[in-house]
Amino acid sequence: MSEHAPEKGKKKFKMPNTYVILFGVICFIAVLSWIIPGGAYELNANGDAISGTYHIVESKPQGLWDVLMAPITGMLGSDTISGAIAISLTILLFGSFLEMMEETGAVKTALKRIAMKNQNNVHVLIAMLVCLMSFLGSLEGAYEEGIVYFLMFVPVILALGLDTVVAIMIVVLGTQVGCLASTVNPFATGIASGIAGISAGDGMGMRVLLLVVLTALVVLIINRYADMVKAHPERSVQFFRRTQDLMDFPVSETEDLDLSGRQKGVLVIFVLTFAIMVVGCVPWTSINPDWTFFERLVAWIGATPVLCEALGSDITPFGSWYFPELAMLVMVMTLLAGIVMRYEVDKIIDTLIKGAAGLVSTAFVVPLARGIQVVMDNGQITPTILHLCENTLASLPPVAFVIVALICYFLIACLIPSSTGLAAATMGIMAALSQFAGVDVAIMVTIYCMALGLAKMISPTSIVVMTCTAAAHMSYGDWVKKAAPIVGFLFLVCCAFLTVAAML
C-alpha cells in the first residue's frame, strides 16, 4: 500500500454546514450569558450609550427556550432588533425573478455574449465589477443585498472558466472594502459621525484615499486568484462541483446568440430592475441636503387628487428604499417579464413559486445570523464586553490606541455586524475615549468603518458571507481559509493608514 494512502477507517473532517455553524454560535453566546455578568450603560436622548456610565445589572442567562426562540425573533424582530423577514422575502422573490429570466432565455443569451466578448479580458471585467461593488458599499453600505449581485454575476464568471469563489470574492470583498472605507455611507459614517458630534465630511479625505487604495488591492488579489483558477482549475476548492455549478448557474448553450424582440424587452426589464434598485437605495439627501427632487415628486403626487388616488398616497421616495420596496420591485418585474413574453398566468405564477423555492435555504440563513444578536442583547452581555474594551483602551498612547481600538472594534463587530446597531452601542463611548487619548474623533469613526468592513468579510454573523457561500454550496470553513489571509493583509494596510493618521 502506498505511504500516501489514507489509513483504513480514518474519516476526513468535514466542516459543518452554514446552519449548524450559526446555531452553534447562538448556543455559544447563550453559554457566555451564564459566565459574563450583565451590564448596561445610561443612554442619551437618542438612545446612544454614554461613556463612563457602565454599571452591573442583574444577569439574564439565556436558556434552551431563548436559544430556540432566537432565530424566530431574528426573523420577526422585537422592540430592539429589526426582523430579517423583509430580507428573506426579498431573497425569495429575487429567486423568482432569476427563474423568470432563466425561463425567457434572454439573460442567458446576453451573458453568453458578454462571456465570449470578455473571454480575453477577464481582468477588466473583474475590475469593473469590484469597482461597482465597492462604490455601492461606500455610498449606501451594500451588505445584505450582496446575494442579489452574486446570483447575477456567477453565471458569466463560470462561463469564463472561473469558479464560484471568484463571484463570492467580487461581491463580499468588493462591497465590504467599500463599507470599510465608507465615504458618505449614511448608515455607517453618517450615524457614527452624528453620535460622535462631528460632520460626516470630517475625515473624508482619508476615507477616499483608503477606498481607492484598498479597492485596487482587492482587484489585484481577485485577478491573481482568477489567473490561478484559469490556469489550474483543479486547484479550486470548488473544482469538485464544476459540472454541477454550470448546471445550477447556466448560460445559453446554443450557438444562436440572437435575441428576439420579446427577449430584448425582458433584457431591458432586467437592467432596469438593477438601475431602479441602485437609485432607490442611494440616500440622495444625505449626500447633498438640497437633493430633494424625489421627496418633492412624491409630495406633488400626494397633493394631486387623481394621481394620489391612482398611485397611492404612501409612496416611498427614491433614496429611502429598503428591503420591503426591493421585494415589491422584483415581484413586479418578474410578473412584467412574464407578460412581455406573453406567458399564461398559470405559467407566470408557477415560475414565481419555483424560483422562490430554490432560494429557501439561503433565505433561512438571515434569521439565524440575526438570532446571534438577539441572544447577546437579551443576555445583556454586550455592554459588559464593550466596558472591557473601554478599560483596555483608556491609557494607551495614540498609535497603540488606534491599533488596539481597531482590534477591539473588529471583535465587537463580529458579534454586532449591524452598522446602526454597532454605532449606537459603541460610538458615544469610543469617541470620548479617543479624545482622552489625543486622537481625532474622525479617526475613530474611520476605525469603526474599517472594523465593520473587515468583520463582514469573514465573520459567521455576516449575512453577505453566509448567504453567498450557501448559494454557492461552499463550506464556511473553506471560505475562511481563502479569506483569512486577505482580511489579514487588509488589516495591516488599515493599521498603516491609522498609524500615519495618528502621528500627523
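The values are calculated or read from the model by the stated rules, or taken from the named source; none is laboratory data. This one's a predicted model, so the numbers in the text were calculated from it and none came from an experiment. Positions of Cβ are backbone-derived with ideal geometry, glycine not excepted, and every protein chain shown enters the neighbour counts. Each accessible area value is taken on the protein alone, full model and side chains, heavy atoms only, with ligands, DNA and RNA left out. Shrake-Rupley method; radii C 1.70, N 1.55, O 1.52, S 1.80 Å.
Within 10 Å of each candidate Cβ there may be at most 12 other Cβ atoms; applying that plus a DSSP loop requirement, which chymotrypsin sites (Phe, Trp or Tyr not before Pro) in segment 332-424 survive?
Answer in residue order: no site qualifies.
Quick one: divide the alpha-carbon radius of gyration of the chain by 2.2 N^0.38 Å and tell me what you get. It would help to have the intermediate numbers written out before the result.
Details: Rg = 23.7 Å, N = 504, 2.2 N^0.38 = 23.4 Å.
Here the answer is 1.01, to two decimals.
Compute the long axis of helix 106-117 from its Cα atoms, compare it with the longest principal axis of the Cα atoms of the chain, and write down the angle in degrees, 0 to 90, nearest 10.
Approximately 80 degrees, to the nearest 10.
Ratio of segment 149-307's C-alpha Rg to 2.2 N^0.38 Å, to two decimals?
Cα Rg divided by the expected 2.2 N^0.38 Å: 1.41.
Tell me, what % of the accessible area of segment 376-465 is carbon and sulfur with a 1.4 angstrom probe?
Using a 1.4 Å probe with all protein chains present, segment 376-465 comes out at 69 percent carbon and sulfur.
Between F239 and V306, take the C-beta separation as r, use R0 = 60 Å, and let me know the FRET efficiency to the nearest 0.05. Mind showing how you got there, number by number?
Numbers: r = 60 Å, r/R0 = 1.00.
E(calc), rounded to 0.05, equals 0.50.
So how far apart, in nm, are the two label points at L76 and A394 if each is 7 Å from Cα heading toward Cβ?
According to this spin-label approximation, the distance is 4.2 nm.
Give me the accessible area of E103, 1.4 Å probe, in Å² rounded to the nearest 10.
Answer for E103: close to 80 Å² accessible.
Label points 7 Å out from Cα along the Cβ direction at R224 and E344: separation in nm?
If labels sit at R224 and E344, their model points lie 5.7 nm apart.
Helix 365-379 versus the longest principal axis of the chain: what angle, 0 to 90°, nearest 10, using Cα atoms?
Rounded to the nearest ten degrees, it is 10.
For segment 143-185 and segment 20-58, compute the distance between their C-alpha centroids and round to whole Å.
Computed from Cα coordinates, the inter-centre distance equals 32 Å.
Mind running the shape call on segment 276-328? Use the C-alpha gyration tensor, a ≥ b ≥ c as the square roots of the eigenvalues: rounded below 1.5 for a/c, prolate if a/b tops b/c, oblate otherwise. Please list the in-between numbers first.
Details: a/c = 3.24, a/b = 1.33, b/c = 2.44.
It is oblate, given that a/c is not under 1.5 and a/b is not larger than b/c.
Could you work out how much longer the chain between M247 and S313 gets when fully extended? Use 0.36 nm per residue separation minus the Cα distance between them, nm to one decimal.
Taking M247 through S313 to full extension adds about 19.3 nm, to one decimal.
Shape call for segment 231-388 from the C-alpha gyration tensor, a ≥ b ≥ c root eigenvalues: rounded (a/c under 1.5), prolate (a/b greater than b/c) or oblate?
oblate
Give the residues of segment 48-65 whose amide nitrogen is closer than 12 Å to a point set 7 Å from the Cα of W34 in the direction of its Cβ.
It comes to 61-65, nothing else.
Where a ≥ b ≥ c are the square roots of the eigenvalues of the C-alpha gyration tensor, would you call segment 315-367 rounded, which needs a/c under 1.5, or, failing that, prolate if a/b is larger than b/c, or oblate?
Oblate shape, in that a/c is at least 1.5 and b/c is the bigger or equal ratio.
Which are the unpartnered cysteines of the chain, meaning those with no other cysteine Cβ under 4.7 Å from their Cβ?
C27, C131, C179, C281, C308, C414, C449, C468, C494, C495 - these cysteines have no disulfide-compatible partner (Cβ-Cβ under 4.7 Å) in the chain.
Run the helix sum for the chain: -39,500 (n - 2.57) per DSSP H stretch of 4+ residues, divided by residue count, reported at 222 nm to the nearest 500 deg cm²/dmol.
About -22500 deg cm²/dmol.
How long is the gain from A299 to D478 if the chain were fully straight, where each residue apart is worth 0.36 nm and the alpha carbon distance is subtracted? If you can, show how the numbers build up before the last one.
Numbers: separation 179, 0.36 × 179 = 64.44 nm, distance 5.03 nm.
Computed gain between A299 and D478 is 59.4 nm.
Kindly report the accessible area of the chain per residue (heavy atoms of protein chains, probe 1.4 Å, no ligands, DNA or RNA), in Å².
Result: 45 Å² of accessible area for each residue.
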